[in-house]
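What follows is a short report on a single structure.
The values are calculated or read from the model by the stated rules, or taken from the named source; none is laboratory data. Here the structure is a predicted model, which means the values were calculated and not measured. Because the Cβ atoms are built from the backbone with ideal geometry, glycine has one as well, and the counts that use them run over all protein chains shown. Keep in mind that these areas ignore ligands, DNA and RNA; they rest on the heavy atoms of the full protein, side chains included. Shrake-Rupley method; radii C 1.70, N 1.55, O 1.52, S 1.80 Å.
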Amino acid sequence: MLWQLAGKKNELAGGSVRTQVAIIGSGPAGLLLGQLLHGAGIDAVILERQSRDYVLSRIRAGVLEDGTVRLLDAVGAGARLHAEGLPHDGFELLFGGRRHRIDLQRLTGRRVTIYGQTEMTRDLMDLRASEGAATVFEAKDVALHDFDGSKPSVTFTKDGVAQRLDCEFIAGCDGYHGISRASVPGSAMQIFERGYPFGWLGILADVPPVSHELIYAGEERGFALCSMRSQSRSRYYVQCAADEDIANWPDERFWDELRLRLDPATAEALVTGPSIEKSIAPLRSFVAEPMRFGRLFLAGDAAHIVPPTGAKGLNLAASDVHYLSQALIDYFGERSSAGIDAYSAKALARVWKAERFSWWLTSLMHHFPQDSAFGRRIQRAELDYLAGSDHAMAALAENYVGLPY
Ligand code: FAS
Ligand code: PHB
């Protein structure tokens, strides 16, 4: 057997392996789902296309809602997060040359935690390995079978050897470019999407953050974001053309452009240094409905994408797998299908509220090249109104800390 399986319900049966839930993808959605199921005694096997190191090399999200923190605590993956994560009680909007603080704690009684997705993924991978739960890395040619029937299975190759995983359910946690959503007939799915005429050019550098909280800047030259991973590692973004070539952005050009998008005092305070990662992320809003097809369930980026402005992508993956794990626990516990029948509608209700918030904040803070002078005045009027109204700031704050599950 090329890969050892732990757990009582993973059984060898005639050259294939049987488990209860086949999870496609070892990103935040797949890993967190695996742990939530493991804690309930439900066996799952995670099939991941890439190597462990490759998955951990990707630099992505940085802001965790308290709901996500609670889930990580619930599965026993919160220790390093509480030791190294940075609790934030607010953030700032920069426009008109001034920084305006959104006081999350005062407006909602809640906060967010700054902790890189990479570290969260590492913690979940280490926990899964320590518990002997099965993950197959570098699983190639993953294909989903018979999920519209009662005996789904997943085939793949590992080190060139064909394998089959028989299961009761498949969780498609394989992201926007994964095989799961692609395996569903187009006629069974409705797609909703909106593109944006820009992307985010992000840099990671081992320099102290320019401020102790995040700064979202929406000045004339374009959006910028001052974020961080720790007190000594910063994450910065500038809005760039959708078709921008990263080769045109040596570090010095990035730092110069970032300074031009900040107020003079903040620009002056900026500490720069060599990038340890630099990449361009496209922005899109995307939802595939429904999120269930027979015995296949989609969760996380496999089902929906938000522009990162609202810091919702990773956190939606967490709420999806919270709902899905509850539904599967009900099914395997009481053989009740009520939870799995309700999963898609329940998950989509929260997804669409986050889609709206992410679209709204992106529309408010970014420079749209085709926008008219009237459109730019409306953006400024909305920012002025927001900065002067506790009611408006409270609406922003309650979405940013995360709406209830
Ligand atoms: P993921 O994409 O993280 O994980 C899917 C996993 O499935 C991957 O490991 C992939 O290798 C694997 N996979 C794919 N196809 C497969 C196949 N056929 N077989 C087996 N495995 C397969 N969100 C924020 O909140 N803030 C941000 O700043 C932010 N920045 C981002 C930057 C980039 C470049 C990208 C792409 C996304 C960003 N996101 C951000 C969103 C991101 O954090 C996602 O919401 C989050 O990774 C979602 O997690 P998953 O749903 O697990 O999907
Ligand atoms: C990040 O730190 O990567 C980050 C923070 C907040 C966002 C998006 C990205 O809204």
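Overview of values
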| item | result |
| --- | --- |
| Residues of segment 45-68 that turn out to be more than 14 Å from ligand 1 (Cβ to nearest atom) and buried (at least 21 other Cβ atoms within 10 Å of the Cβ), as a count | 0 |
| Segments classed as strands (runs of 3 or more DSSP E), wholly inside segment 33-152, with at least 1 members that are over 20 Å from the mean Cα position of the chain (by Cα) and aliphatic (A, V, I, L, M) | 44-47, 90-95, 98-103, 134-136, 140-145 |
| The listed residue being more than 20 Å from L72 (Cα to Cα), out of contact with any helix residue (DSSP H, G or I) (no Cβ under 8 Å at 6 or more places or on another chain) and not hydroxyl-bearing (S, T, Y), out of D384, D330, D390 | D384 |
| Criterion (within 13 Å of ligand 1 (Cβ to nearest atom) and modelled with pLDDT of 95 or more) met by exactly one of L260, L296, L201, L270 | L201 |
| Any hit, segment 154-167, residues being modelled with pLDDT under 95 and in a loop (DSSP other than H, G, I, E, B) | yes |
| First in segment 106-119 and more than 12 Å from ligand 1 (Cβ to nearest atom), second anywhere and open to solvent by 50 Å² or more (accessible area, probe 1.4 Å) and outside any helix (DSSP H, G or I), Cβ under 8 Å, 6 or more apart | R111/P87; T113/P87 |
| Selection status of P274, more than 19 Å from the chain's Cα centre (by Cα) and open to solvent by 40 Å² or more (accessible area, probe 1.4 Å) | yes |
